[in-house]
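Structure, as structure tokens:
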Amino acid sequence: METAQIVNFAIAAFLLLFAGFCWVKQGTLVKGKGWLSRADAPKMFWINMVVLVVMAAYMLVIGIR
């Protein structure tokens with residue numbers, strides 16, 4: 001494995017771990033407001049979940065090539 005592939009995998013793993021943490025805690029970080037629960041910011045929660053998972057998947061697919 002090249003260094004770039006290792007870095008991509010590590011960042012993708014971190015993003016997935018953070019998404020999992022947010023899912024388990026049912027909250028998310030919101031700029032300027034800090035940690036908000038899913039009930040307080042449902043749209044931001046789902047936007048963050050989708051963005052984190054899509055970015056991680058993209059990095060993993062690019063890293064496999």
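Numbers for the structure displayed
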| item | result |
| --- | --- |
| Magnitude of the charge dipole, the chain, Cβ model with Lys/Arg +1 and Asp/Glu -1, debye to 20 | 240 |
| Full-stretch length increase - residue 36, residue 14 - with 0.36 nm per residue and alpha-carbon distance subtracted | 5.9 nm |
| Between the stretch 1-33 and the stretch 42-65, the alpha-carbon center distance in angstrom | 9 |
| Residue (of 35, 6, 49) at the positive-pole extreme of the chain, dipole from beta-carbon charges | 35 |
| From phi via Karplus (6.51, -1.76, 1.60), per-residue ³J(HN,Hα) for the stretch 5-15 in Hz, x at Gly/Pro | 5, 5, 5, 4, 5, 5, 5, 4, 5, 4, 4 |
| The stretch 16-56, accessible surface, carbon-and-sulfur percent (1.4 angstrom probe) | 73 |
| Karplus-derived 3J(HN,Hα), 6.51/-1.76/1.60, for each residue of the stretch 29-46, Hz, glycine and proline x | 8, 10, 4, x, 10, x, 7, 10, 6, 4, 5, 6, 9, x, 5, 5, 4, 5 |
| Kirkwood Rh in Å, taken over the chain so that all alpha-carbon pairs contribute | 12.5 |
| Solvent-accessible area per residue for the chain (1.4 angstrom probe, square angstrom) | 74 |
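The values are calculated or read from the model by the stated rules, or taken from the named source; none is laboratory data. Source: prediction; values computed, not measured. Backbone-built Cβ (ideal geometry, glycine too); neighbour counts: all protein chains shown. In case anyone asks, the SASA skips ligands and DNA or RNA and just uses the protein heavy atoms, side chains included. Shrake-Rupley method; radii C 1.70, N 1.55, O 1.52, S 1.80 Å.
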